[in-house]
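So the structure is just underneath, and the comments pick up after that.
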Amino acid sequence: MSFVSNGDISLPFDTNRFEETMPVNKIIVEDVSKSYPIEHGEKNRVLENINLAVREKEFLCLVGPSGCGKTTLINILAGFLSPDSGRVLIDGQTITRPNPKYVAVFQDYGLFPWRTVLKNIKFGLEIQKVPTEKQDEIARSIIDLVQLTGFENRHPFELSGGMKQRVALARSLAVNPEIVFLDEPFNALDSVMRTKFQNDITTIWQQQQKTIILVTHDVEEAVYLSDRVAVMCPLPGRIKEVIEVDLPRPRDRRDKAFHCLKHDVLKAMSE
């Protein structure tokens, strides 16, 4: 217990309680810019002076029109690309390369066609040299989490698009990452499966307590899933506005407050 002064009176101040209520920033993006070379020695400026803070255990969505640099930004956050200027810090450390504590799931699934569902999920655990018995235990618990029980011995060609996406997500979760980067992973799914996957990812996020950053074009999806929506604008890409989504979960897409927030995001994107 500490004390703060209020005039002539010292008031008790519980520092532990105060710290618990303050959001902790997991990721800090400072003045990040990125260009790609084009013909005649010219460069295409993709990102310019990106500044963003992502809270620990937050679900944040990046939205914006095609060409605004969302995928480039998430690749920089994950360590797959280096910025031309600026830096990304995770837990106070500058990111210069990928880290097994931070995993990414992309649209193309990235599954090994010769491996079964179980063996695909165990791949990262094998790399980490987790004991074989423990690999099986972890993989089967994650299979249950993503509702793929009974499909352990199937190969990717035997699975639907939604199932493949679940395997890709399960493989990422199996290594117990602190951060999950999702780059439009639901694009190949039909509307029914996409809605189901949105509900599933919300449940997994609530159970696993990971920091999740999702790139999406779908404004309704962003409002449904996220704690905050970072709106990007193009040419070059910049963070235009960050909108708080202060709605209780589970969320009702028919609710008036939901539609108001969706309107706010669409307005920010169009202005």
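The values are calculated or read from the model by the stated rules, or taken from the named source; none is laboratory data. The shown structure was predicted, so the numbers you read here are calculated from the model rather than taken from an experiment. Using ideal geometry, Cβ is built from the backbone for each residue, glycine included, and neighbour counts are taken over all protein chains shown. Note: accessible area is taken over every heavy atom of the protein model, side chains too, but ligands, DNA and RNA are not part of it. Shrake-Rupley method; radii C 1.70, N 1.55, O 1.52, S 1.80 Å.
Report, for the chain, the % of DSSP beta bridges that are antiparallel, rounded to 5.
Antiparallel: roughly 60 percent of the beta bridges in the chain.
Sequence-distant or interchain residues sharing an amide H contact under 5 Å with residue 81, placed H: which?
Under 5 Å from the amide H of residue 81: 76.
Accessible area per residue for segment 170-269 in Å², computed with a 1.4 Å probe and the full protein assembly in place, what is it?
Ligands and nucleic acids excluded, the result is 43 Å² per residue.
Students sometimes get this wrong: rank 106, 80 by accessible area, probe 1.4 Å, all chains present, largest first.
80, 106
Order 81, 261, 266, 73, most accessible first, counting only protein heavy atoms with a 1.4 angstrom probe.
Ranked list, largest accessible area first: 266, 81, 261, 73.
Taking only complete DSSP H runs, can you tell me which helices of the chain stretch 15 Å or more along their own long axis by Cα positions and average at least 0.5 on the Kyte-Doolittle scale?
117-127
Roughly speaking, what is the stretch gain from residue 96 to residue 191, that is 0.36 nm per residue apart minus the C-alpha to C-alpha distance, in nm to one decimal?
30.5 nm
Using the basic label-point model (7 angstrom from Cα toward the beta carbon), what is the residue 84 to residue 107 distance in nanometres?
2.5
What do you reckon, how do 133, 178, 184, 244 stack up by accessible area (1.4 Å probe), largest on top?
I get 133, 244, 178, 184, largest accessible area first.
Suppose a student asked you for the relative contact order of the chain, using Cα pairs under 8 Å spaced at least 6 residues apart; what percent would you report?
24
For residue 26, list long-range residues whose amide hydrogen, built 1.01 Å from N in the peptide plane, is under 5 Å from its own amide hydrogen.
54, 55, 56
Given a 1.4 Å probe and the protein chains all in place, what does the accessible area of residue 68 round to, in Å² to the nearest 10?
Near enough 0 Å² of accessible area.
Measuring from label point to label point, each 7 Å out along Cα→Cβ, what is the residue 115 to residue 137 span in nm?
Label at residue 115, label at residue 137, 2.1 nm between them.
Could you work out how much longer the chain between residue 152 and residue 43 gets when fully extended? Use 0.36 nm per residue separation minus the Cα distance between them, nm to one decimal.
34.5 nm
Please tell me which of these pairs span more than 32 angstrom C-alpha to C-alpha: 129/196; 101/240; 34/119; 196/240; 196/267?
Beyond 32 Å: 129/196; 34/119.
On the accessible surface of segment 147-271, probed at 1.4 Å, how many percent belong to carbon and sulfur atoms?
Carbon and sulfur together cover 51 percent of it.
Express the carbon and sulfur contribution to the solvent-accessible surface of segment 41-83 as a percent, rounded to the nearest whole number, probe 1.4 angstrom.
On segment 41-83, the fraction of accessible area on carbon and sulfur atoms equals 40 percent.
If we count every other residue with Cβ under 14 angstrom of residue 32's Cβ, Lys/Arg +1 and Asp/Glu -1, where does the sum land?
That works out to +1.
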